[in-house]
Amino acid sequence: SLPDSVVIVLFGATGDLAGRMVLPAIHEVHSRGLMPAHWRLIGCAADQLDDEGFRDRVAASLDGSGTGRPADWETVRSSLRYCGGTFSAEDPGNLPRTLAEVREELVAESGGEPLVLHFLAVPPVAFTPIARGLGAHGLADGARVVFEKPYGTSLESFEELDAAVKEVLDEEQIFRIDHFLGKEGVQTIYVLRFANQLFGSEWSRASVDQVQIDVPEDLDVANRIAFYEATGAALDMIVTHLFQVAGQVAMEPPTDLRDPASVIAAREAVLRAFRPLNPVEDVVLGQFEGYRDIEGAAPDSTQDTFAAVRLWVDTERWRGVPFLLRTGKRMARKTQRITLVLKPPFGPLADKLDAPNTIEICFSGDGEIQLGITVKTPGPDLSYSSGKAVLELDDVPGGDPISPYASLIHDALIGDRSLYTTAEGLRAAFAAFAPLQGPERPDPVPYEPGSWGPEEARRLAAPHRWMLGE
Ligand code: BG6
(Lines give C-alpha, C1' and ligand atoms only; values in the text may rest on other atoms or scores of the structure.)
Protein backbone atom coordinates (compact mmCIF):
# COMPACT_ATOMS: atom_id res chain seq x y z
CA SER A 1 0.00 0.00 0.00
CA LEU A 2 1.01 3.62 -0.45
CA PRO A 3 2.94 5.12 2.49
CA ASP A 4 1.81 8.48 3.92
CA SER A 5 5.07 10.14 3.04
CA VAL A 6 8.16 9.49 0.96
CA VAL A 7 11.56 11.00 0.25
CA ILE A 8 12.87 10.12 -3.19
CA VAL A 9 16.62 10.51 -3.43
CA LEU A 10 17.45 10.77 -7.11
CA PHE A 11 21.09 10.04 -7.91
CA GLY A 12 22.13 11.30 -11.34
CA ALA A 13 19.46 13.98 -10.98
CA THR A 14 20.98 16.31 -13.57
CA GLY A 15 21.70 13.53 -16.09
CA ASP A 16 20.07 12.55 -19.35
CA LEU A 17 18.01 9.65 -18.01
CA ALA A 18 16.64 11.66 -15.09
CA GLY A 19 15.68 14.50 -17.42
CA ARG A 20 14.10 12.37 -20.14
CA MET A 21 12.49 9.60 -18.12
CA VAL A 22 12.58 9.74 -14.34
CA LEU A 23 11.53 13.33 -13.63
CA PRO A 24 8.67 13.29 -16.18
CA ALA A 25 7.54 9.97 -14.66
CA ILE A 26 7.57 11.40 -11.14
CA HIS A 27 5.49 14.27 -12.49
CA GLU A 28 3.07 11.75 -14.00
CA VAL A 29 2.78 9.76 -10.76
CA HIS A 30 2.14 12.97 -8.84
CA SER A 31 -0.36 14.37 -11.35
CA ARG A 32 -2.34 11.13 -11.37
CA GLY A 33 -2.68 11.40 -7.60
CA LEU A 34 -0.58 8.27 -7.07
CA MET A 35 2.12 9.90 -4.94
CA PRO A 36 1.96 9.73 -1.14
CA ALA A 37 0.23 12.82 0.31
CA HIS A 38 3.56 14.18 1.53
CA TRP A 39 6.67 13.88 -0.56
CA ARG A 40 10.04 15.46 -1.23
CA LEU A 41 12.64 14.78 -3.86
CA ILE A 42 16.33 15.25 -3.17
CA GLY A 43 18.40 15.51 -6.33
CA CYS A 44 22.02 14.31 -6.08
CA ALA A 45 24.65 14.81 -8.74
CA ALA A 46 28.18 16.08 -9.18
CA ASP A 47 27.10 19.54 -10.43
CA GLN A 48 27.34 22.30 -7.86
CA LEU A 49 23.86 23.79 -7.72
CA ASP A 50 21.71 25.19 -4.96
CA ASP A 51 18.07 24.20 -4.45
CA GLU A 52 16.86 27.01 -6.71
CA GLY A 53 19.29 26.08 -9.45
CA PHE A 54 18.11 22.47 -9.32
CA ARG A 55 14.45 23.52 -9.37
CA ASP A 56 15.12 25.52 -12.53
CA ARG A 57 16.80 22.49 -14.10
CA VAL A 58 13.82 20.30 -13.26
CA ALA A 59 11.48 22.89 -14.79
CA ALA A 60 13.62 22.92 -17.93
CA SER A 61 13.62 19.10 -18.11
CA LEU A 62 9.85 18.93 -17.76
CA ASP A 63 9.36 21.64 -20.37
CA GLY A 64 11.82 19.90 -22.69
CA SER A 65 10.33 16.42 -22.26
CA GLY A 66 6.99 17.50 -23.64
CA THR A 67 5.10 16.70 -20.42
CA GLY A 68 5.28 20.30 -19.17
CA ARG A 69 5.05 21.21 -15.50
CA PRO A 70 2.40 19.93 -13.11
CA ALA A 71 -0.60 22.20 -12.44
CA ASP A 72 0.60 22.77 -8.87
CA TRP A 73 4.16 23.49 -9.96
CA GLU A 74 4.86 26.02 -7.20
CA THR A 75 4.14 23.40 -4.52
CA VAL A 76 6.09 20.74 -6.35
CA ARG A 77 8.96 23.16 -6.85
CA SER A 78 9.24 23.75 -3.13
CA SER A 79 9.35 19.95 -2.58
CA LEU A 80 12.66 19.73 -4.47
CA ARG A 81 16.04 19.84 -2.71
CA TYR A 82 19.54 19.38 -4.01
CA CYS A 83 22.80 17.87 -2.77
CA GLY A 84 25.77 18.50 -5.03
CA GLY A 85 29.23 16.96 -5.07
CA THR A 86 30.51 13.49 -4.44
CA PHE A 87 28.72 10.79 -2.56
CA SER A 88 30.59 7.64 -1.59
CA ALA A 89 31.53 5.59 1.46
CA GLU A 90 34.50 7.90 2.03
CA ASP A 91 32.72 11.17 1.34
CA PRO A 92 29.05 11.48 2.27
CA GLY A 93 28.79 15.09 1.09
CA ASN A 94 25.64 16.79 2.31
CA LEU A 95 23.25 13.95 1.75
CA PRO A 96 22.94 12.59 5.31
CA ARG A 97 22.25 16.07 6.66
CA THR A 98 19.76 17.04 3.95
CA LEU A 99 17.96 13.72 4.25
CA ALA A 100 17.69 14.13 8.03
CA GLU A 101 16.21 17.63 7.61
CA VAL A 102 13.71 16.53 5.00
CA ARG A 103 12.74 13.56 7.14
CA GLU A 104 12.03 15.85 10.06
CA GLU A 105 9.84 18.06 7.89
CA LEU A 106 7.87 15.06 6.71
CA VAL A 107 7.47 13.64 10.21
CA ALA A 108 6.09 17.02 11.30
CA GLU A 109 3.69 17.06 8.35
CA SER A 110 2.47 13.48 8.32
CA GLY A 111 3.15 12.27 11.83
CA GLY A 112 5.00 9.14 10.67
CA GLU A 113 8.36 8.01 9.37
CA PRO A 114 8.65 8.53 5.59
CA LEU A 115 9.63 5.79 3.21
CA VAL A 116 13.04 6.48 1.66
CA LEU A 117 13.34 5.54 -2.02
CA HIS A 118 16.81 5.89 -3.54
CA PHE A 119 16.70 5.97 -7.34
CA LEU A 120 20.06 5.32 -9.04
CA ALA A 121 19.75 6.92 -12.48
CA VAL A 122 23.53 6.67 -12.89
CA PRO A 123 25.96 4.70 -15.04
CA PRO A 124 26.58 1.16 -13.75
CA VAL A 125 30.12 1.96 -12.53
CA ALA A 126 28.52 4.19 -9.91
CA PHE A 127 26.20 1.48 -8.49
CA THR A 128 28.70 -0.10 -6.11
CA PRO A 129 30.19 3.14 -4.71
CA ILE A 130 26.72 4.59 -4.11
CA ALA A 131 25.41 1.39 -2.52
CA ARG A 132 28.46 1.28 -0.24
CA GLY A 133 27.93 4.95 0.61
CA LEU A 134 24.31 4.28 1.56
CA GLY A 135 25.50 1.51 3.87
CA ALA A 136 28.40 3.46 5.35
CA HIS A 137 26.25 6.46 6.25
CA GLY A 138 23.22 4.62 7.58
CA LEU A 139 21.01 5.60 4.64
CA ALA A 140 20.08 2.08 3.58
CA ASP A 141 18.13 0.88 6.60
CA GLY A 142 14.53 0.26 5.63
CA ALA A 143 15.03 2.06 2.31
CA ARG A 144 14.08 0.79 -1.14
CA VAL A 145 16.68 1.21 -3.85
CA VAL A 146 15.94 1.33 -7.58
CA PHE A 147 18.81 0.40 -9.90
CA GLU A 148 18.70 1.40 -13.55
CA LYS A 149 19.79 -1.04 -16.20
CA PRO A 150 22.25 -2.51 -17.00
CA TYR A 151 22.64 -4.33 -13.71
CA GLY A 152 25.83 -6.10 -14.80
CA THR A 153 27.19 -6.65 -18.28
CA SER A 154 28.06 -10.35 -18.02
CA LEU A 155 27.38 -13.22 -15.66
CA GLU A 156 30.61 -12.46 -13.79
CA SER A 157 30.13 -8.70 -13.49
CA PHE A 158 26.51 -9.26 -12.45
CA GLU A 159 27.62 -11.62 -9.65
CA GLU A 160 30.26 -9.16 -8.49
CA LEU A 161 27.87 -6.21 -8.46
CA ASP A 162 25.12 -8.16 -6.76
CA ALA A 163 27.46 -9.42 -4.07
CA ALA A 164 28.64 -5.85 -3.33
CA VAL A 165 25.07 -4.54 -3.24
CA LYS A 166 23.97 -7.39 -0.98
CA GLU A 167 26.55 -6.37 1.61
CA VAL A 168 24.33 -3.37 2.15
CA LEU A 169 20.82 -4.31 1.03
CA ASP A 170 18.50 -7.30 1.26
CA GLU A 171 16.97 -8.63 -1.95
CA GLU A 172 13.56 -7.24 -0.85
CA GLN A 173 15.00 -3.72 -0.81
CA ILE A 174 16.41 -3.96 -4.33
CA PHE A 175 14.33 -2.86 -7.32
CA ARG A 176 16.18 -3.60 -10.60
CA ILE A 177 14.32 -1.75 -13.29
CA ASP A 178 13.67 -3.02 -16.79
CA HIS A 179 11.29 -0.48 -18.21
CA PHE A 180 10.04 -2.84 -20.94
CA LEU A 181 8.22 -4.77 -18.21
CA GLY A 182 6.38 -1.55 -17.34
CA LYS A 183 5.00 -1.05 -20.84
CA GLU A 184 1.21 -1.32 -21.12
CA GLY A 185 1.45 -3.76 -24.01
CA VAL A 186 3.78 -6.05 -22.06
CA GLN A 187 1.70 -5.89 -18.88
CA THR A 188 -1.41 -6.80 -20.83
CA ILE A 189 0.03 -10.17 -21.82
CA TYR A 190 -0.92 -11.71 -18.47
CA VAL A 191 -4.50 -10.71 -18.80
CA LEU A 192 -4.78 -11.54 -22.46
CA ARG A 193 -3.64 -15.06 -21.69
CA PHE A 194 -5.18 -15.79 -18.37
CA ALA A 195 -8.51 -13.99 -18.74
CA ASN A 196 -9.38 -15.11 -22.27
CA GLN A 197 -10.02 -18.67 -23.24
CA LEU A 198 -9.58 -17.61 -26.85
CA PHE A 199 -5.91 -16.78 -26.29
CA GLY A 200 -5.04 -18.90 -23.27
CA SER A 201 -5.99 -22.07 -25.11
CA GLU A 202 -3.73 -21.30 -28.07
CA TRP A 203 -0.72 -20.22 -26.03
CA SER A 204 1.56 -23.23 -26.45
CA ARG A 205 3.42 -25.39 -28.94
CA ALA A 206 0.12 -27.10 -29.80
CA SER A 207 -0.92 -24.00 -31.79
CA VAL A 208 2.12 -21.74 -32.06
CA ASP A 209 4.74 -22.29 -34.75
CA GLN A 210 7.06 -19.54 -33.62
CA VAL A 211 7.18 -16.41 -31.49
CA GLN A 212 8.76 -13.22 -32.77
CA ILE A 213 9.76 -10.39 -30.47
CA ASP A 214 10.82 -7.63 -32.78
CA VAL A 215 12.16 -4.25 -31.71
CA PRO A 216 13.67 -2.45 -34.72
CA GLU A 217 14.74 1.14 -34.09
CA ASP A 218 15.50 3.90 -36.54
CA LEU A 219 17.63 5.69 -33.94
CA ASP A 220 21.24 6.51 -34.55
CA VAL A 221 23.93 5.90 -31.94
CA ALA A 222 26.20 8.83 -32.74
CA ASN A 223 25.28 10.69 -29.54
CA ARG A 224 25.92 7.63 -27.34
CA ILE A 225 28.90 6.22 -29.19
CA ALA A 226 31.08 5.64 -26.11
CA PHE A 227 28.29 3.65 -24.45
CA TYR A 228 27.60 1.81 -27.69
CA GLU A 229 31.22 0.88 -28.36
CA ALA A 230 31.30 -0.65 -24.89
CA THR A 231 27.92 -2.35 -25.12
CA GLY A 232 26.42 -3.14 -28.53
CA ALA A 233 22.87 -4.02 -29.47
CA ALA A 234 22.76 -7.57 -28.11
CA LEU A 235 23.94 -6.62 -24.64
CA ASP A 236 21.94 -3.38 -24.56
CA MET A 237 18.65 -4.95 -25.62
CA ILE A 238 18.55 -8.76 -25.89
CA VAL A 239 19.82 -9.96 -22.52
CA THR A 240 17.82 -7.23 -20.81
CA HIS A 241 14.58 -6.07 -22.39
CA LEU A 242 13.91 -8.79 -24.97
CA PHE A 243 14.67 -11.69 -22.63
CA GLN A 244 12.32 -10.20 -20.05
CA VAL A 245 9.57 -9.82 -22.64
CA ALA A 246 10.20 -13.40 -23.76
CA GLY A 247 9.83 -14.45 -20.12
CA GLN A 248 6.52 -12.65 -19.93
CA VAL A 249 5.26 -14.44 -23.05
CA ALA A 250 6.57 -17.88 -22.10
CA MET A 251 5.80 -18.07 -18.38
CA GLU A 252 3.41 -20.56 -16.83
CA PRO A 253 0.33 -19.14 -15.10
CA PRO A 254 1.27 -17.84 -11.64
CA THR A 255 -0.76 -19.32 -8.81
CA ASP A 256 -2.02 -15.84 -7.90
CA LEU A 257 -1.80 -12.97 -10.36
CA ARG A 258 -2.23 -10.44 -7.56
CA ASP A 259 0.62 -11.83 -5.50
CA PRO A 260 3.93 -10.29 -6.66
CA ALA A 261 5.96 -13.20 -5.32
CA SER A 262 4.04 -15.74 -7.36
CA VAL A 263 4.22 -13.59 -10.52
CA ILE A 264 7.98 -13.22 -10.15
CA ALA A 265 8.40 -16.92 -9.44
CA ALA A 266 6.52 -17.83 -12.62
CA ARG A 267 8.37 -15.37 -14.88
CA GLU A 268 11.76 -16.27 -13.56
CA ALA A 269 11.20 -20.01 -13.60
CA VAL A 270 10.88 -19.74 -17.36
CA LEU A 271 14.08 -17.65 -17.64
CA ARG A 272 15.87 -20.62 -16.10
CA ALA A 273 14.48 -22.74 -18.94
CA PHE A 274 16.11 -20.56 -21.62
CA ARG A 275 18.66 -22.75 -23.37
CA PRO A 276 22.09 -21.05 -23.57
CA LEU A 277 22.31 -19.36 -26.99
CA ASN A 278 24.13 -21.20 -29.72
CA PRO A 279 26.18 -18.41 -31.32
CA VAL A 280 26.89 -20.41 -34.46
CA GLU A 281 23.42 -21.71 -35.32
CA ASP A 282 21.12 -19.24 -33.68
CA VAL A 283 22.66 -15.76 -33.79
CA VAL A 284 23.17 -13.17 -36.53
CA LEU A 285 24.85 -9.92 -35.58
CA GLY A 286 24.99 -6.86 -37.81
CA GLN A 287 26.65 -3.48 -38.02
CA PHE A 288 25.16 -0.68 -40.10
CA GLU A 289 27.34 0.70 -42.87
CA GLY A 290 28.99 3.92 -41.76
CA TYR A 291 29.11 2.96 -38.08
CA ARG A 292 32.91 2.90 -38.04
CA ASP A 293 33.04 6.44 -39.44
CA ILE A 294 31.24 7.87 -36.41
CA GLU A 295 33.58 9.94 -34.32
CA GLY A 296 34.43 7.85 -31.28
CA ALA A 297 33.98 4.46 -32.97
CA ALA A 298 37.09 2.36 -33.55
CA PRO A 299 37.93 2.29 -37.30
CA ASP A 300 37.90 -1.53 -37.12
CA SER A 301 35.11 -1.82 -34.58
CA THR A 302 33.29 -5.16 -34.51
CA GLN A 303 30.56 -3.86 -32.28
CA ASP A 304 27.06 -5.04 -33.16
CA THR A 305 24.31 -2.52 -33.88
CA PHE A 306 21.90 -5.30 -34.84
CA ALA A 307 21.19 -8.66 -33.28
CA ALA A 308 18.79 -11.43 -34.22
CA VAL A 309 18.69 -14.58 -32.12
CA ARG A 310 16.71 -17.79 -32.04
CA LEU A 311 16.05 -18.68 -28.45
CA TRP A 312 14.81 -22.10 -27.32
CA VAL A 313 12.66 -22.31 -24.23
CA ASP A 314 12.92 -25.78 -22.77
CA THR A 315 9.59 -26.11 -21.04
CA GLU A 316 6.85 -28.60 -21.79
CA ARG A 317 4.74 -25.77 -23.21
CA TRP A 318 7.35 -24.41 -25.62
CA ARG A 319 9.72 -27.24 -26.51
CA GLY A 320 10.54 -26.96 -30.23
CA VAL A 321 9.02 -23.50 -30.71
CA PRO A 322 11.66 -20.92 -31.66
CA PHE A 323 11.50 -17.51 -29.99
CA LEU A 324 12.99 -15.09 -32.51
CA LEU A 325 14.30 -11.89 -31.00
CA ARG A 326 15.48 -9.04 -33.19
CA THR A 327 16.59 -5.49 -32.60
CA GLY A 328 18.89 -2.95 -34.17
CA LYS A 329 19.72 0.69 -34.66
CA ARG A 330 19.24 2.62 -37.89
CA MET A 331 16.72 0.12 -39.16
CA ALA A 332 13.75 0.94 -41.37
CA ARG A 333 11.53 2.11 -38.54
CA LYS A 334 10.93 2.09 -34.81
CA THR A 335 8.33 -0.27 -33.54
CA GLN A 336 7.96 -2.96 -30.88
CA ARG A 337 5.95 -6.06 -31.49
CA ILE A 338 5.37 -9.59 -30.26
CA THR A 339 3.92 -11.92 -32.88
CA LEU A 340 2.71 -15.43 -32.22
CA VAL A 341 2.71 -17.12 -35.60
CA LEU A 342 0.08 -19.84 -35.44
CA LYS A 343 0.19 -23.21 -37.11
CA PRO A 344 -1.88 -23.67 -40.27
CA PRO A 345 -5.40 -25.02 -39.85
CA PHE A 346 -6.30 -28.61 -40.68
CA GLY A 347 -8.96 -29.31 -43.27
CA PRO A 348 -9.92 -28.31 -46.77
CA LEU A 349 -8.46 -24.79 -46.80
CA ALA A 350 -5.17 -25.71 -45.22
CA ASP A 351 -3.11 -25.33 -48.38
CA LYS A 352 -5.05 -22.43 -49.91
CA LEU A 353 -4.12 -19.73 -47.43
CA ASP A 354 -1.23 -17.40 -48.02
CA ALA A 355 -0.74 -15.95 -44.54
CA PRO A 356 -0.66 -17.67 -41.16
CA ASN A 357 -2.94 -16.54 -38.34
CA THR A 358 -1.14 -14.27 -35.93
CA ILE A 359 -1.68 -12.86 -32.47
CA GLU A 360 0.26 -9.60 -32.28
CA ILE A 361 0.92 -7.32 -29.36
CA CYS A 362 2.41 -3.96 -30.21
CA PHE A 363 4.04 -2.66 -27.08
CA SER A 364 5.32 0.73 -28.11
CA GLY A 365 3.37 3.72 -26.83
CA ASP A 366 -0.01 2.90 -25.38
CA GLY A 367 -0.06 -0.61 -26.84
CA GLU A 368 -2.25 -2.38 -29.34
CA ILE A 369 -3.43 -5.92 -30.02
CA GLN A 370 -3.80 -7.14 -33.58
CA LEU A 371 -5.12 -10.42 -34.85
CA GLY A 372 -4.12 -11.61 -38.28
CA ILE A 373 -7.07 -13.60 -39.55
CA THR A 374 -8.26 -15.06 -42.83
CA VAL A 375 -11.69 -14.12 -44.13
CA LYS A 376 -13.61 -14.54 -47.33
CA THR A 377 -12.58 -11.74 -49.64
CA PRO A 378 -15.74 -9.66 -49.72
CA GLY A 379 -17.27 -9.92 -53.17
CA PRO A 380 -19.01 -12.38 -55.45
CA ASP A 381 -16.26 -15.02 -55.62
CA LEU A 382 -15.01 -17.44 -53.04
CA SER A 383 -11.47 -16.43 -52.34
CA TYR A 384 -9.56 -15.73 -49.17
CA SER A 385 -7.80 -12.70 -47.79
CA SER A 386 -5.95 -12.08 -44.58
CA GLY A 387 -6.84 -8.97 -42.64
CA LYS A 388 -6.10 -7.43 -39.26
CA ALA A 389 -8.47 -6.92 -36.36
CA VAL A 390 -7.07 -4.13 -34.21
CA LEU A 391 -7.69 -3.14 -30.59
CA GLU A 392 -5.88 -0.04 -29.40
CA LEU A 393 -5.46 -0.24 -25.64
CA ASP A 394 -6.22 3.44 -25.14
CA ASP A 395 -9.67 2.80 -26.65
CA VAL A 396 -10.52 0.29 -23.93
CA PRO A 397 -13.39 1.73 -21.84
CA GLY A 398 -12.05 3.36 -18.69
CA GLY A 399 -8.48 2.96 -19.93
CA ASP A 400 -5.89 5.65 -19.26
CA PRO A 401 -2.51 4.24 -20.30
CA ILE A 402 0.38 5.01 -17.95
CA SER A 403 3.97 5.38 -19.08
CA PRO A 404 6.37 2.55 -18.15
CA TYR A 405 8.54 4.54 -15.76
CA ALA A 406 5.52 6.01 -13.96
CA SER A 407 4.02 2.54 -13.62
CA LEU A 408 7.25 1.12 -12.20
CA ILE A 409 7.90 4.05 -9.85
CA HIS A 410 4.38 3.68 -8.52
CA ASP A 411 5.05 -0.03 -7.96
CA ALA A 412 8.24 0.80 -6.05
CA LEU A 413 6.28 3.23 -3.86
CA ILE A 414 3.69 0.61 -2.95
CA GLY A 415 6.37 -2.08 -2.64
CA ASP A 416 5.12 -4.23 -5.53
CA ARG A 417 8.09 -6.00 -7.10
CA SER A 418 6.19 -8.09 -9.63
CA LEU A 419 7.54 -6.11 -12.61
CA TYR A 420 11.07 -5.85 -11.26
CA THR A 421 13.75 -8.43 -11.90
CA THR A 422 15.33 -10.47 -9.15
CA ALA A 423 18.91 -11.66 -8.82
CA GLU A 424 17.82 -15.20 -9.72
CA GLY A 425 16.16 -14.03 -12.91
CA LEU A 426 19.07 -11.88 -14.06
CA ARG A 427 21.51 -14.65 -13.29
CA ALA A 428 19.51 -16.96 -15.55
CA ALA A 429 19.34 -14.33 -18.30
CA PHE A 430 23.09 -13.68 -18.24
CA ALA A 431 23.81 -17.42 -18.18
CA ALA A 432 21.69 -18.00 -21.30
CA PHE A 433 23.37 -15.05 -23.03
CA ALA A 434 26.95 -15.92 -21.97
CA PRO A 435 27.92 -17.98 -25.07
CA LEU A 436 27.46 -14.83 -27.15
CA GLN A 437 30.15 -13.15 -25.09
CA GLY A 438 32.66 -15.94 -25.67
CA PRO A 439 35.04 -16.90 -28.49
CA GLU A 440 32.20 -18.18 -30.69
CA ARG A 441 30.55 -14.77 -30.99
CA PRO A 442 30.01 -14.25 -34.74
CA ASP A 443 31.37 -11.18 -36.50
CA PRO A 444 28.70 -8.64 -37.34
CA VAL A 445 27.56 -8.55 -40.97
CA PRO A 446 27.18 -5.13 -42.60
CA TYR A 447 23.69 -3.80 -43.38
CA GLU A 448 22.39 -0.76 -45.10
CA PRO A 449 21.08 2.00 -42.82
CA GLY A 450 17.31 2.27 -43.14
CA SER A 451 16.96 -1.44 -43.97
CA TRP A 452 15.62 -4.39 -41.95
CA GLY A 453 19.15 -5.58 -41.15
CA PRO A 454 21.39 -8.14 -42.83
CA GLU A 455 19.84 -10.73 -45.19
CA GLU A 456 21.46 -13.50 -43.14
CA ALA A 457 18.93 -12.95 -40.37
CA ARG A 458 16.21 -14.30 -42.65
CA ARG A 459 17.34 -17.88 -42.20
CA LEU A 460 16.55 -17.73 -38.49
CA ALA A 461 12.85 -17.15 -39.21
CA ALA A 462 12.51 -19.97 -41.78
CA PRO A 463 10.13 -21.50 -42.75
CA HIS A 464 8.32 -18.24 -41.99
CA ARG A 465 9.62 -14.72 -42.46
CA TRP A 466 10.06 -11.83 -40.09
CA MET A 467 6.53 -10.50 -39.85
CA LEU A 468 7.67 -6.88 -39.72
CA GLY A 469 9.14 -5.44 -42.88
CA GLU A 470 10.24 -7.36 -45.97
C1 BG6 B 1 17.15 1.51 -23.61
C2 BG6 B 1 18.29 1.17 -24.52
O3 BG6 B 1 17.23 0.76 -22.44
O4 BG6 B 1 15.93 1.27 -24.26
C5 BG6 B 1 18.19 1.97 -25.81
O6 BG6 B 1 19.53 1.45 -23.87
C7 BG6 B 1 16.82 1.78 -26.44
O8 BG6 B 1 19.21 1.60 -26.70
C9 BG6 B 1 15.73 2.06 -25.43
O10 BG6 B 1 16.71 2.66 -27.54
C11 BG6 B 1 14.34 1.78 -25.96
O12 BG6 B 1 13.40 2.29 -25.06
P13 BG6 B 1 11.94 2.74 -25.47
O14 BG6 B 1 11.39 3.39 -24.26
O15 BG6 B 1 12.05 3.60 -26.67
O16 BG6 B 1 11.20 1.47 -25.77
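The values are calculated or read from the model by the stated rules, or taken from the named source; none is laboratory data. Everything numeric in this text was worked out from a predicted model, so none of it was measured. Methodologically, a virtual Cβ is constructed for each residue, glycine included, from the backbone with ideal geometry; neighbour enumeration extends over all protein chains shown. Heads up: the accessible areas ignore ligands, DNA and RNA and are worked out on the full protein's heavy atoms, side chains in. Shrake-Rupley method; radii C 1.70, N 1.55, O 1.52, S 1.80 Å.
Loop only per DSSP, at most 14 neighbouring Cβ atoms within 10 Å: give me the chymotrypsin sites (Phe, Trp or Tyr not before Pro) in the range 344-397, ordered by residue number.
Passing sites in the range 344-397 are F346.
Of the listed peptides 85-91, 213-219, what is their order by residue-averaged count of other C-beta atoms within 10 Å, with the highest listed first?
213-219, 85-91
Put +1 on the Cβ of each Lys and Arg and -1 on the Cβ of each Asp and Glu in the chain; which of L242, N357, Q336 then has its Cα farthest toward the positive end of the dipole?
N357
Between R333 and D400, what length comes free when the chain is fully extended (0.36 nm per residue of separation minus the Cα-Cα distance, one decimal in nm)?
Result for the pair: 21.5 nm of gain on full extension.
Can you tell me how much longer the chain between D354 and K166 gets when fully stretched, taken as 0.36 nm per residue apart minus their C-alpha distance, in nm with one decimal?
62.3 nm
What nm value, rounded to one decimal, do you get for the distance between E105 and N278 when each label is placed 7 Å out toward the C-beta?
6.0
Please report the carbon-and-sulfur percent of the accessible area for the chain; probe 1.4 Å, protein heavy atoms only, DNA, RNA and ligands left out.
52
Would you mind getting me the FRET efficiency between D51 and K376? Use the beta-carbon distance for r and R0 = 51 Å, nearest 0.05.
About 0.15, to the nearest 0.05.
Can you give me the distance in nm between label points at Y384 and S204, each placed 7 Å from the Cα along the Cα-to-Cβ direction?
2.5
What does the net charge come to around L120 if you take all other residues with beta carbon closer than 11 Å to its beta carbon, with K and R at +1 and D and E at -1?
Every neighbour counted, the sum reads +1.
What FRET efficiency do you get for S78 and L17 if R0 is 25 Å and r is their Cβ-Cβ distance, rounded to the nearest 0.05?
With R0 = 25 Å, the Cβ-Cβ based efficiency is 0.55.
Give the cross-link partners of K149 among the aspartates and glutamates, using a straight C-alpha distance below 18 Å as the criterion and excluding same-chain residues fewer than 8 apart.
Result set, ordered by chain and number: D16, E159, E160, D162, E171, E172, D178, E229, D236, E268, D411, E424.
For the residue pair E113 and D141, what label-to-label distance in nm results when each label sits 7 Å from Cα along the Cα-to-beta-carbon direction?
Placing both labels 7 Å beyond Cα along the Cβ direction yields 0.7 nm.
Per-residue counts of other Cβ atoms within 10 Å, averaged by peptide: what ranking do you get for 21-31, 236-246, 448-458, highest first?
236-246, 21-31, 448-458
Keeping every protein chain present and rolling a 1.4 Å probe, give me the accessible area per residue for the chain in Å².
With all protein chains present, the chain gives 42 Å² per residue.
How many angstrom separate the Cα center of the range 334-412 from the Cα center of the range 253-326?
22
Can you tell me how much longer the chain between A431 and T86 gets when fully stretched, taken as 0.36 nm per residue apart minus their C-alpha distance, in nm with one decimal?
120.8 nm
Below 16 Å, Cα to Cα, which lysines can K334 reach? Residues fewer than 8 away in the same chain don't count.
Hits, sequence-local ones excluded: K183.
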